[in-house]
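Following: one structure in structure tokens, then a few remarks.
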Protein chains: 2
Amino acid sequence: MRPIKVGLLGMGTVGTGVVRIVEGHQEDLSSQVGSPIQISKILVKDLAKQRHLHVNSEVMTENPWDVIYDPDIDVIVEVMGGIEPTKGYIIEALDRGKHIVTANKDLMALHGVEIMEKAKANQCDVYYEASVAGGIPIIRTLMEGFSSDRITKIMGIVNGTTNYILTKMSQEGAAYEDVLKEAQALGYAESDPTSDVEGLDAARKMAILATLGFHANVALEDVSVRGISNVSKQDILYAKRLGYEMKLLGIAERQDDQISVVVQPTMVKSSHPLSSVNGVFNAVYVYGEAVGETMFYGPGAGEMPTATSVVADLVAVIRNMRLGVTGQQAHHAYKEKKLKTDDQIAYKNFILLDVHDKAGVLAKITQVFTKFNVSLESVVQQPNPHNPDAEIVIVTHEASQSSMNKVLNEFNQLDVIKSIKSAYRVEG
Amino acid sequence: MRPIKVGLLGMGTVGTGVVRIVEGHQEDLSSQVGSPIQISKILVKDLAKQRHLHVNSEVMTENPWDVIYDPDIDVIVEVMGGIEPTKGYIIEALDRGKHIVTANKDLMALHGVEIMEKAKANQCDVYYEASVAGGIPIIRTLMEGFSSDRITKIMGIVNGTTNYILTKMSQEGAAYEDVLKEAQALGYAESDPTSDVEGLDAARKMAILATLGFHANVALEDVSVRGISNVSKQDILYAKRLGYEMKLLGIAERQDDQISVVVQPTMVKSSHPLSSVNGVFNAVYVYGEAVGETMFYGPGAGEMPTATSVVADLVAVIRNMRLGVTGQQAHHAYKEKKLKTDDQIAYKNFILLDVHDKAGVLAKITQVFTKFNVSLESVVQQPNPHNPDAEIVIVTHEASQSSMNKVLNEFNQLDVIKSIKSAYRVEG
């Protein structure tokens with residue numbers, strides 16, 4: 001049978017993995033799809049660059065249009081990343097009837113709707129399993145494995161860099177800045193780590209997962225984001241003392257079709273399966289009304305894990321081509337998007353206060369909680385080992401975000417409180 | 001659009017869940033498949049039985065042929081279980097062009113090849129996600145999510161009953177018999193628990209997973225099985241002391257296309273993600289050459305979780321019907337099956353010996369290991385608190401099964417050893 005010809009946009013880490021798998025597993029892949037798979041053109045940044053992997057130089061080009069306009073190419077695998085010019089290439093390729101496999105979370109989070117519509121109009125497939133949680137097939141799981149269920153909660157550790165940093169901070173009592181530097185030296189963090197540590201990368205992935213899980217078009221701007229750059233050694237110490245691990249969690253929730261999606265450092269109860277997901281590993285916890293609790297765990301990034309997902313998508317697209325059913329991907333966002341207000345978002349809170357150590361402080365503080373109807377699970381006042389003041393550690397019961405905002409606003413004006421040192425969501 | 005008509009064989013726990021989901025999620029399901037789904041006939045054992053769920057009595061029948069021969073029925077959902085007469089019904093249904101969704105691990109493990117061939121010959125689909133690990137979409141994951149990878153190891157906690165028993169034994173220091181009785185009272189174990197506690201249920205599931213993961217037809221008789229009925233309180237205590245949890249693991253391994261599949265109580269290192277899978281939960285750990293370590297966790301049984309998988313399969317079949325691509329399931333077992341010999345299966349071992357407490361005992365014992373080239377990770381001799389003898393606790397490095405068999409045989413003849421109290425595989 002005629003080989004399926006693939007054009008590869010990008011020959012960085014993931015692109016190299018894709019070439020390795022397609023070449024190394026060729027026999028298995030052909031057995032599954034019924035024909036050889038051939039990577040016939042590769043867009044590279046620099047033809048002269050030395051590569052670990054030998055690739056026939058005739059296959060490589062620095063001109064994207066050599067790949068996109070090649071009439072023999074059936075599928076474009078996009079692993080170059082970024083929004084532009086990548087989006088333009090994908091749209092052009094779709095207009096030429098080429099199917100797309102992409103690992104590009106930024107593009108799918110920001111322009112997924114437009115790209116899927118363009119694909120449908122051209123009877124093309126667009127698969128993007130590798131865009132979220134690297135080697136974990138979570139997109140398939142939400143689309144197919146749980147197609148029958150009503151998913152009400154998705155909690156994800158979907159950024160390996162921040163999970164590596166928080167794990168190190170927790171296991172070694174290290175400070176954020178030190179671990180970040182170490183992560184950069186090891187290649188786990190970028191030289192500009194903003195997108196990872198400020199939660200933007202996780203937010204993009206959560207927008208994609210929430211869209212699939214809740215069947216409504218959740219956009220990036222619908223995700224409320226807070227990163228880990230202000231998480232202190234002390235916060236992690238307190239978390240552990242109370243039986244929690246600090247994790248950067250993406251949390252997407254639905255109640256009666258009202259949705260909220262947040263990314264924020266969260267204290268996760270140590271009995272919860274997400275609490276023991278360490279290092280650069282990712283995990284996605286899914287709660288469905290019928291299925292209950294499930295969790296999917298694996299490597300969230302890296303050459304070979306991400307390439308596994310890319311090539312699995314390639315296999316799926318080729319099967320669809322063989323069966324003549326491309327361009328038939330189910331329309332997932334068939335529901336109107338309704339976002340929760342701050343009144344409707346509720347969770348437990350951890351609060352650490354630095355207070356003046358004098359009589360009546362605790363009474364004044366608890367009065368504020370009472371005023372806004374927030375009930376408390378535990379309150380501990382203790383001397384601050386570093387200065388003459390005291391610290392108060394509070395864990396609330398579930399309280400609405402709007403009530404908590406009012407509590408914290410009032411705290412800012414309360415003379416007995418020197419500062420609100422930390423406030424975190426608590427889960428599990 | 002004309003509703004898709006479904007015939008349901010069996011209205012026990014899972015069948016009831018299927019009716020609940022199809023009725024309760026009708027709007028979501030129709031949005032996904034493009035037409036209503038109607039359960040138009042249900043085979044029940046006893047029409048007169050009182051049911052929790054109201055079902056129109058005209059829909060129910062005690063005659064299987066009312067369902068199977070009904071020309072309006074498109075898909076048969078089989079949740080009655082057992083080999084015969086179930087297999088006969090499925091074959092008859094396939095011969096009438098009806099697609100099958102089944103939760104029947106016994107049938108798929110024993111007659112999967114024949115059933116899939118019959119399906120292909122009739123251009124029909126057979127989906128069986130619910131047959132392994134209830135609500136965890138592990139079959140899809142192996143077939144599609146990891147289609148690009150070469151899987152080398154699958155380790156599963158795939159039987160909830162035994163995991164419940166071992167968890168209770170570990171957490172409460174309870175004896176096997178006591179926990180089994182409690183599990184029976186709670187409905188977590190059958191009145192005849194043999195199939196669960198002796199590992200047969202897990203073996204069937206592992207045969208299915210190994211077939212999908214390794215692309216070779218692994219039969220039930222290829223799986224070497226040992227149950228948990230001889231696991232003692234003491235074994236679990238020693239495991240914990242050494243940093244392990246006792247789990248009934250199914251372990252399927254492949255090296256250079258040579259396969260081994262076992263089910264046996266195994267000491268799992270407490271840092272391994274499988275070690276913290278507790279109670280009736282299931283989990284499947286998959287190692288792929290490219291993707292590395294992954295794990296899939298969720299409820300392994302129960303009305304709603306299992307029904308979630310059944311109805312997800314139903315959605316998949318109906319999508320295939322709409323696209324006109326039924327009977328096109330990929331042929332997964334395209335490789336010749338080659339089983340490992342005992343020389344080729346190697347793992348770490350835990351051994352607990354009851355010995356006469358006299359000089360030279362340890363020397364005699366270690367000589368036997370040396371004779372058969374088994375090296376040791378740790379040896380601890382200690383007084384037995386219950387009698388005047390001593391206990392020796394040994395953990396070996398990785399050793400072939402044949403060498404270990406020779407060691408244990410020689411131990412049986414060694415006069416210094418009173419008894420081999422336990423021997424377990426060690427993982428992680």
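Condition check ((1) among the polar types (S, T, N, Q); (2) in contact (Cβ under 8 Å) with a residue 60 or more places away in the chain) across all residues:
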site	(1), (2)
A:T13	yes, yes
A:Q26	yes, no
A:I37	no, yes
A:R51	no, no
A:V55	no, no
A:P71	no, no
A:G81	no, yes
A:A103	no, yes
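Looking at region A:203-237 only, could you name the residues that are closer than 21 Å to A:V393 by Cα, part of a helix (DSSP H, G or I) and of a type in the set (V, I, T)?
A:I236
Taking interchain pairs and intrachain pairs at least six residues apart, which have beta carbon atoms under 7 angstrom, with the first residue in region B:182-208 and assigned by TED's automatic domain parsing to the domain that holds B:N159 and the second in a loop (DSSP other than H, G, I, E, B) and among the charged types (D, E, K, R)?
So the pair list comes out as B:D196/B:E190; B:G199/B:R226.
In region B:128-155, what residues are facing another protein chain (nearest Cβ under 7 Å) and among the aromatic types (F, W, Y)?
Residue satisfying the conditions is B:F146 alone.
Do you know which residues across region A:360-377 are in contact (Cβ under 8 Å) with a residue 40 or more places away in the chain and in a loop (DSSP other than H, G, I, E, B)?
Taking region A:360-377 as the starting set, the residues that turn out to be in contact (Cβ under 8 Å) with a residue 40 or more places away in the chain are A:360-361, A:364-365, A:368.
Hit for region A:360-377 is A:G360, nothing else.
Within region A:240-301, which strands (runs of 3 or more DSSP E) (wholly inside it) include 3 or more residues that are touching a residue at least 12 places away in the same chain (Cβ under 8 Å) and within 14 Å of chain B (Cβ to nearest Cβ)?
The strands (runs of 3 or more DSSP E) meeting that bar are A:281-288, A:292-299.
Regarding region A:101-112, can at least one residue be identified that is within 20 Å of the chain's Cα centre (by Cα), of a type in the set (S, T, N, Q) and more than 14 Å from chain B (Cβ to nearest Cβ)?
yes
If A:E114 meets every condition in (1) crowded, with 24+ Cβ neighbours inside 10 Å; (2) farther than 21 Å from A:R319 by Cα; (3) of a type in the set (D, E) apart from one, which number is that one?
Failing condition for A:E114: (1).
For region B:194-211, name all the residues that are surrounded by fewer than 22 Cβ atoms within 10 Å (Cβ to Cβ) and either aliphatic (A, V, I, L, M) or at pLDDT below 95 (or both).
B:L200
When you look at B:S57, is it farther than 17 Å from B:V310 by Cα and surrounded by fewer than 13 Cβ atoms within 10 Å (Cβ to Cβ), yes or no?
Yes: the conditions hold for B:S57.
Tell me, yes or no, whether region A:16-35 has at least one residue that is away from chain B (no Cβ under 14 Å) and modelled with pLDDT of 95 or more.
No, region A:16-35 contains no residue that is away from chain B (no Cβ under 14 Å) and modelled with pLDDT of 95 or more.
Please verify whether B:S191 is surrounded by fewer than 24 Cβ atoms within 10 Å (Cβ to Cβ) and hydroxyl-bearing (S, T, Y), treating the condition exactly as stated.
yes
Can we say A:G156 is within 11 Å of the chain's Cα centre (by Cα) and either assigned to a strand (DSSP E or B) or over 17 Å from A:G298 (Cβ atoms) (or both)?
yes
Given the condition in a loop (DSSP other than H, G, I, E, B), more than 7 Å from chain A (Cβ to nearest Cβ), over 30 Å from B:D257 (Cα atoms) and without any contact (Cβ under 8 Å) to a residue 12 or more places away in the chain, answer yes or no: does some residue in region B:312-327 qualify?
So far as region B:312-327 goes, yes, one or more of its residues are in a loop (DSSP other than H, G, I, E, B), more than 7 Å from chain A (Cβ to nearest Cβ), over 30 Å from B:D257 (Cα atoms) and without any contact (Cβ under 8 Å) to a residue 12 or more places away in the chain.
Surrounded by 24 or more Cβ atoms within 10 Å (Cβ to Cβ) and farther than 17 Å from B:A312 by Cα: is that true of A:G156 in this structure?
Taking the combined requirement at face value, the residue satisfies it.
Is it true that some residue in region A:176-184 is assigned to a loop (DSSP other than H, G, I, E, B), out of contact with any strand residue (DSSP E or B) (no Cβ under 8 Å at 6 or more places or on another chain) and either on the phi > 0 side of the Ramachandran plot or not aliphatic (A, V, I, L, M) (or both)?
Taking every residue of region A:176-184 in turn, none turns out to be assigned to a loop (DSSP other than H, G, I, E, B), out of contact with any strand residue (DSSP E or B) (no Cβ under 8 Å at 6 or more places or on another chain) and either on the phi > 0 side of the Ramachandran plot or not aliphatic (A, V, I, L, M) (or both).
Residue under question is A:Y334, and the condition is that it be buried (at least 20 other Cβ atoms within 10 Å of the Cβ) and facing chain B (nearest Cβ under 8 Å); does it hold?
Criteria not met by A:Y334.
In region A:90-120, which residues are of a type outside the set (D, E) and over 27 Å from A:D222 (Cα atoms)?
Matches in region A:90-120: A:A93, A:L94, A:R96, A:G97, A:K98, A:H99.
Checking A:K269 against (1) of a type outside the set (S, T, Y); (2) surrounded by fewer than 24 Cβ atoms within 10 Å (Cβ to Cβ); (3) at pLDDT 95 or above; (4) more than 22 Å from A:N349 (Cβ to Cβ), which test does it fail?
Only one criterion in (1) of a type outside the set (S, T, Y); (2) surrounded by fewer than 24 Cβ atoms within 10 Å (Cβ to Cβ); (3) at pLDDT 95 or above; (4) more than 22 Å from A:N349 (Cβ to Cβ) is unmet by A:K269, namely (4).
Criterion first (closer than 28 Å to B:R226 by Cα, of a type in the set (S, T, N, Q) and part of a helix (DSSP H, G or I)) does B:T306 satisfy it?
yes
When you scan region B:110-131, do you find a residue that is in the same structural domain as B:D257 (by TED's automatic domain parsing), hydrophobic (A, V, I, L, M, F, W, C) and assigned to a helix (DSSP H, G or I), even just one?
No: region B:110-131 contains no residue that is in the same structural domain as B:D257 (by TED's automatic domain parsing), hydrophobic (A, V, I, L, M, F, W, C) and assigned to a helix (DSSP H, G or I).
Within region A:378-417, can you find the residues that are assigned to a strand (DSSP E or B) and touching a Lys or Arg at 6+ places or on another chain (Cβ under 7 Å)?
Just the residues of region A:378-417 that are assigned to a strand (DSSP E or B), to begin with: A:378-383, A:390-396, A:399-400, A:417.
Correct list: A:V395, A:T396.
Of A:I91, A:I136, A:I83, A:I73, which residue is in contact with a Leu (Cβ under 8 Å, 6 or more places away or on another chain), of a type outside the set (D, E) and modelled with pLDDT of 95 or more?
On the way: A:I91 fails: in contact with a Leu (Cβ under 8 Å, 6 or more places away or on another chain); A:I136 fails: in contact with a Leu (Cβ under 8 Å, 6 or more places away or on another chain); A:I73 fails: in contact with a Leu (Cβ under 8 Å, 6 or more places away or on another chain).
Being in contact with a Leu (Cβ under 8 Å, 6 or more places away or on another chain), of a type outside the set (D, E) and modelled with pLDDT of 95 or more holds for just one of A:I91, A:I136, A:I83, A:I73, which is A:I83.
Determine, yes or no, whether A:E410 is without any contact (Cβ under 8 Å) to a residue 40 or more places away in the chain and more than 24 Å from A:D257 (Cα to Cα).
Numbers: without any contact (Cβ under 8 Å) to a residue 40 or more places away in the chain: no; more than 24 Å from A:D257 (Cα to Cα): yes.
Against the criterion (without any contact (Cβ under 8 Å) to a residue 40 or more places away in the chain and more than 24 Å from A:D257 (Cα to Cα)), A:E410 does not qualify.
The values are calculated or read from the model by the stated rules, or taken from the named source; none is laboratory data. Just so it is clear, the model here is predicted, and its values are computed rather than measured. Cβ coordinates were reconstructed from backbone atoms using ideal geometry, including for glycine residues, and neighbour counts include every protein chain displayed.
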